[in-house]
1. Of all residues being surrounded by fewer than 15 Cβ atoms within 10 Å (Cβ to Cβ) and among the charged types (D, E, K, R) in region 38-83, which is nearest to Ala95 (Cα to Cα)? Just the residue, please.
2. Please enumerate the residues belonging to region 1-50 that are modelled with pLDDT under 85 and assigned to a loop (DSSP other than H, G, I, E, B).
3. Test each condition in (1) without any contact (Cβ under 8 Å) to a residue 60 or more places away in the chain; (2) closer than 15 Å to Arg185 by Cβ; (3) touching a Leu at 6+ places or on another chain (Cβ under 9 Å); (4) of a type outside the set (Gly, Ala, Ser) for Arg29 and report the one that comes out false.
4. Please work out which one of (1) farther than 15 Å from Leu207 by Cβ; (2) more than 29 Å from the chain's Cα centre (by Cα); (3) of a type in the set (S, T, N, Q) is the condition Ser88 fails and give its number.
5. Condition test on Ala115, is it of a type in the set (A, V, I, L, M, F, W, C), in contact with a Cys (Cβ under 6 Å, 6 or more places away or on another chain) and modelled with pLDDT of 85 or more?
6. Suppose the filter is without any contact (Cβ under 8 Å) to a residue 40 or more places away in the chain and in a helix (DSSP H, G or I); does Arg185 pass it?
7. Quick check on my filter: what residues within region 24-45 are closer than 12 Å to Ala196 by Cα and not aliphatic (A, V, I, L, M)?
8. Quick one: would you say Leu126 is touching a residue at least 24 places away in the same chain (Cβ under 8 Å), buried (at least 19 other Cβ atoms within 10 Å of the Cβ) and in a helix (DSSP H, G or I)?
Amino acid sequence: MLSIIQAAGWPIWPLIACSILALALVFERFVALKTARVAPPKLLDEAISVSAKSVPTPDVVNQLAQNSALGEVLASGLRTLNGNPQSSEADLRAAMEGTGRSVAHRLEKYLTALATIASAAPLLGLLGTVIGMIEIFGSQSGGGAVGGGNPAQLAHGISVALYNTAFGLIVAIPTLIFWRYFRSRVDAYLLTLELASEQFVRHICRLRK
């Protein structure tokens, strides 16, 4: 591996930095987007059960908010009702939508960075290819005649071109796949949060009656 890096020359170092950053972001997103941390399957039913007879106490609401992203959204509606028992349905929806936007921003964190790496890696590989080609033509022009170029420099230029092209694609393709995967996962979570919030608002409105 070290010999490949040495043969590819300095243009490969930005690609190595991108690969390390992409790997770190992928690992962080896998941890952050676990179902238990975003939308536990039974949390909505538990929240409805706890608030079936009356609005829970602030301590219970705080525990709900700390449970997950879904819990944070549901708790915002209960907090609004605790703060003002006369809150209208529109007030409850506004509070939960505001919290939902904050949660959505947090779920989408670093996805733009992954998309940027997926787009930039092939371009960085192309830059290395161009630099390798420049070295090839430079070695050929130095001899002053056909076949008079430096074979070692010619081989080095070819290796720079090919290694950087290949490494750029090796970085870009998995990063793009993971970006698409996380993007679809976030979209599914946001739909789950939206449907759960709508159901919980109707439950709270029934509770007030």
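The values are calculated or read from the model by the stated rules, or taken from the named source; none is laboratory data. Being a predicted model, the structure only gives us computed values, none of them experimental. Positions of Cβ are generated from backbone atoms using ideal geometry, with glycine treated the same way; all protein chains shown enter the neighbour counts.
1. Ranking the qualifying residues of region 38-83, first place goes to Asp59.
2. Met1, Gly9, Trp10, Pro11
3. (1) is the only condition that Arg29 fails.
4. Here Ser88 meets the rest and fails (1).
5. It is false that Ala115 is of a type in the set (A, V, I, L, M, F, W, C), in contact with a Cys (Cβ under 6 Å, 6 or more places away or on another chain) and modelled with pLDDT of 85 or more.
6. The answer is no for Arg185.
7. Listed by number, the residues that qualify are Pro40, Pro41, Lys42, Asp45.
8. Spelling it out, it is not the case that Leu126 is touching a residue at least 24 places away in the same chain (Cβ under 8 Å), buried (at least 19 other Cβ atoms within 10 Å of the Cβ) and in a helix (DSSP H, G or I).
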